[in-house]
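Structure record follows, encoded as structure tokens.
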Amino acid sequence: MKEIKQRDFIDHELLGRLGRLTLEARSFMEGGFAGRHKSPHRGSSVEFAQYRKYVQGDDIRNIDWRIFARTERHYVKEFEADTNLRAYMVFDCSGSMRFAGQDGSKFEYARKLVATLAQLLVQQGDSVGLQAFNDKMIRDLPPRTSPKHLYAIYETLSELKPSGKTDLTHILHTLASKIKRRALVIIFSDFFEDVDKLVDSFSHLLFKKHDVAIFHILDESEMKFEMVRPVRFQDMEGGESLIADPAMIRNEYLEQLNNYMKALKEGCLSHKVDYRLAVPGEGAEGVLSDFLLDRLRGHK
Amino acid sequence: MTFLEPGLLAILLPFVALPIIIHFINRMRYTPMDWAAMEFLFRAKRSSTKFAKLREILILACRCLAILFLGLALARPLSGGWLGWAFSGSSDTVFIVLDRSNSMGVLDESGQKNKLEKSITMIKDSAKTKSQATKFVLVDSATGKITELESLESLDDSLLFGVSDSSVDMHTLLQTTYDYINSNNPGNCEIWMTGDLQQSNWKPDNTEWGTLNVDFKSLNSKINFRMLALSHRPDKNIAIRVNDVVRYSKNNKDYIDIAIRLTRNYTGKESVRVNLDLNKIETVREVSMTQEMLDYIHTVEVKNDDTGGFGSVTIPKDQNPGDNKYFFAYGSSMEKKTAVLSKGKYSKLLALAAAPLKGTNQSSVIIDENQIKSTVSDNCSLVIVENSKLSEQAEKDLLSFTEKGGQILLFPPLAAGSKVLNLVEASQVEKKSGEDDFPISTWDEFQGPLAKSRQGESLPVNKLYISARQVPSVSGQVMATFKDGKPFLSKFGHGKGAVYYCSSGIESDWSDLYKGGVLLPMINRLVSEGSKQYSSVVNENCRYDESLDKIEILAGDKAAAYKSLSAGIYNDADRILVLNRPLDEDGDSLVSEDTLEVIFSGLDFSMFNETQDSSKETMQSELFSLFTIFILLFLVVEGFLTLRKPQIELEGQK
């Protein structure tokens, strides 16, 4: 008998509420099938794209004879090509994602976001892949459209455990080299890495014409740092520990965190990376609906 | 700085380290926590280390100091009050110059403790902080005795003796102290003086102060002078005294006039109940006071054969019970004779002035030089010498007369430059003509021949017209002065009596003294004064006299330790001795701190003026308050340092 796994990261009510929304790509996508997203290639959709001079080899059926009658020149009528979207869910499974505040761990929260977006994408006929990593790629499920594949993603998500160190930039550079066709790369991480290196890796993805969106997962307690008593901070990625009185270093910590977040956000904005701060305490619906709606409206 | 509770301080001091201990315990009791954003923590720790450590140290310091000052405050620091500075430092010997004069009997507002009791309490409390090796020596103002105290508890004996009715002479006491130090070499000394700063106690004009100051400076021992001044005066105080008791005959009946003076330190209409006890018969009279002083005469008729009696006047007890009673006595009736030695035309006038009424016990006789000896030996009270050049024998007889208590009133002209009676040397005669004269500006209205009348009226001394004068080259005790400061009436004490020299004559080309407005009362008072030598009643101020300890007490405090220091009536062989508080003790004048600084200039002197009616707590309140302020200050600083800075708004939260 097949074991029924608990998948609390799938929120059906949330999916119901977000089901009317679609995830739009902000740039051309190169899918394998016809879809709802614009392709860089000319296709056979009903939407006119442009006229182009006839060159040898073009299908003569595409020649616009009315233009020929007026100008006695051969022009080919081109139409937009619609394709499906291939989304890569890059999911940080390093030890730091295990950090849990009052509203659960960052890992669980991110997993919920991944699962919800994957479901939405599959529902609208797009392909979704899952790239779970820490300092190396743990699981790499290439984008597929089928519900079966979605099931495989769920399976994978339920099996993942956060551990180890992070090497996001390396993973992103690898992905940038590996993904041949234009795709939507959505990264779920706390991005506790060097901002410059991160922005470089985003640039690499963008250079490959990918649409990059990031969900910056930070817990409220990480952002407020409100502990009163001295704490022995143990690095969740296996580094050294530190004993400190939070009251004494609160402002310096927050200043460092703020500088980092500011740099990351500015780096994203300057490179047209879609930045979303996702706080577990604020729930998944808000951040996802904002993400989807902004894309629908064409916001950068 | 010293503490009344050093034991408590010793217990509390270790608690100063409590914040540091708690801090380290807290550091050890950290909570383990898995943390993701470690890089920021490391960076934060690195950048905050300098200031955070400094802040942490400051917070700990503030907490420790707050506890330290709390401990210090609870240990009752003494530096702020008399006790603190009086007992600071170590000394081998502490001299306690204790003022037990009458005015130290002033009660505090509660009416429970007088100044003497309070000063002893303060000294005893403070002395607790002295080392056990310190020797305490009591210099008693009343007896002038200097006693080494076996323990401070012996000071209570002074309380048993209580406030005396005597005065105090601080110079004499300090001279005694100096003599003791000089002969005993007691090491480093502190001299603690207690007192109410009465001007009369200090007599700052005494030229001997300078000598004493130099003497103290010359001592090898280090000496610190500490003055505990309890100078607050009672808010409302009335004092009573009998200025004079005069027995006289009138229409063959004998009377005694008791001149009573009430003084108070406030004004406003008030009825004062005066109880007069004469020969154990009490009479109560309500007298109305409107001014600060009231003089009135209580006249009592006595039998012609009454040989004398005594009594007292009393007013209700007030804040200063020491001046609410006064004793008096009178003797048998006797003739008061005045001899006028004058060759001038006003000799009869002078004789008349000395015995103005018939049917009284006053008489006068005009004599020549040869009659002096026989006259003065016959109950003579006063000899008036006017316009006469005295022979050597005459002078000898007159001086013999004054030695026994006789009074002489001397008028010019005198031979300029020569000494009369070996006391008075007159300068040249000065004259003015027309309207111009030598006006008199000041005179002693409280005692002596020019004092106010018994009814409290001033004599018209300033209205005298003086056209000629012959002032003495060397003035004695000045009783009245001209406007230019030269003496009009001088007193030269000799033996028990005195020679009064009036700088102007009675003849009309000298002055208008002959009119009698001033002359008559002046002569009469000198007659009364001179007659006292024959009286069986002797009025004295209370002052220590060991020889009087065994005399019989007729009225007063029978339990008094020293009779000579307790006001009362005493039967001393063939005389009645009336002892009362000195007039000085009723004075309100205080010696200023500046004056004391001058007296002790160049010496280590400090004064604590306990002006308020205060308890031990208020004596220390200054320092206690200061410590409390410090505690609050440290707590405020600590609170400020532990205040959270405004939280930085994170980029993502904007």
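What follows draws every value from the coordinates through simple rules; no lab data is involved. Values in this document were obtained by computation on a predicted structure and should not be read as measured data. Cβ: placed from backbone, ideal geometry, glycine included. Neighbour counts: every protein chain shown.
All distinct Cα pairs of the protein assembly as shown go into the 1/r average, and the inverse of that average, the Kirkwood radius, is 39.3 Å. Eigen-decomposition of the gyration tensor built on the alpha-carbon atoms of region B:336-534 gives equivalent ellipsoid semi-axes of 24, 19, 16 angstrom, largest listed first. By the beta-carbon count within 10 Å of each Cβ, the least crowded to most crowded order of B:W443, B:W510, fewest first, is B:W443, B:W510. So for B:D235, A:D11, fewest C-beta neighbours within 10 Å to most, what's the order? Fewest-to-most ranking of B:D235, A:D11: B:D235, A:D11. Here's the picture: charge each Lys and Arg Cβ at +1 and each Asp and Glu Cβ at -1 in the protein assembly as shown, and of B:P439, A:S241, A:L277 the one pushed furthest to the positive end of that dipole is A:L277.
To the nearest 0.05, how large is the calculated FRET efficiency for B:I57 and B:R273 if R₀ is 60 Å and r is the Cβ-Cβ distance? The value I calculate is 0.25.
Each label was represented as a point 7 Å from its Cα along the Cα-to-Cβ direction; for B:Q199 and B:I11 these points are 5.2 nm apart. For a paramagnetic label modelled on B:D34 (point 7 Å from Cα along Cα→Cβ), amide N atoms under 15 Å away belong, within region A:162-180, to A:162-166. Our summary gives chain B a relative contact order of 16 percent, counting only alpha carbon pairs under 8 angstrom and 6 or more residues apart. For a test of understanding, tell me how many lysine pairs in region B:353-405 have Cα atoms under 20 Å apart, given they are 8 or more places apart or on different chains. Eligible lysine pairs with Cα atoms under 20 Å apart amount to 4.
If only the Cβ of Lys and Arg carry +1 and only the Cβ of Asp and Glu carry -1, the dipole of region B:336-534 around its Cα centre is close to 500 debye.
Loop-located trypsin sites (Lys or Arg not before Pro) in region B:512-572 (DSSP state other than H, G, I, E, B) with a sparse environment of at most 11 neighbouring Cβ atoms within 10 Å: B:K550, B:K558.
With only the Cα atoms considered, chain B has a convex hull volume of 256 Å³ per residue. Residues of region B:401-424 falling in the label zone of B:K373, defined by backbone nitrogen less than 17 Å from a point 7 Å along Cα to beta-carbon, are B:401-404.
Its convex hull of Cα atoms gives region A:86-140 a direction-averaged projected area, equal to a quarter of the hull surface, of 3.8 nm². Put a dot 7 Å past the Cα of B:T360, heading toward its Cβ, do the same for A:R73, and the two dots end up 16.0 nm apart. Based on the alpha-carbon gyration tensor of region B:92-213 and its eigenvalue square roots a ≥ b ≥ c, which shape applies: rounded if a/c is under 1.5, prolate if not and a/b is larger than b/c, or oblate? Oblate, because a/c is 1.5 or more while a/b does not exceed b/c. Multiplying the residue separation of B:S625 and B:N265 by 0.36 nm and removing their Cα-Cα distance gives an extension gain of 126.2 nm. Distance between the pseudo-spin-label points of B:E301 and B:S589 (7 Å out from Cα toward the beta carbon): 4.4 nm. Applying a length cut-off of 20 Å (Cα extent along the axis) and a mean Kyte-Doolittle floor of 1.0 to the DSSP H helices of chain B leaves B:616-642. Global size of region B:164-228: 12.3, 37 Å for Rg and Dmax (C-alpha atoms, Rg to one decimal, Dmax whole). Take the Cβ atoms of B:D509 and B:S441, set R0 to 25 Å, and the FRET efficiency comes out at 0.65. The share of alpha-carbon pairs in chain A lying farther apart than 28 Å comes to 44%. If a/c stays under 1.5 just call it rounded; otherwise compare a/b with b/c (prolate if a/b is bigger, oblate if not). Do that for region B:151-299, with a ≥ b ≥ c from the square roots of the Cα gyration tensor eigenvalues. Note, shape of region B:151-299 comes out prolate. Size of region B:536-590 from its Cα atoms: along the principal axes, largest to smallest, the extents are 39, 25, 18 Å. For A:K209, a cut-off of 28 angstrom between C-alpha atoms picks up these lysines, skipping any fewer than 8 places away in its own chain: A:K38, A:K53, A:K77, A:K112, A:K136, A:K178, A:K180, A:K197, A:K262, A:K265, A:K272, A:K300. Take the Cβ-Cβ distance between B:D572 and B:D257 as r, set R0 to 30 Å, and report the resulting FRET efficiency rounded to the nearest 0.05. The value I calculate is 0.75. If you take all other residues with their beta carbon under 11 Å from the beta carbon of B:D34, and give Lys and Arg +1 and Asp and Glu -1, the sum is 0. Ordering A:D59, A:D190, A:D290 by the number of other Cβ atoms within 10 Å of each residue's own Cβ, fewest first, gives A:D59, A:D290, A:D190.
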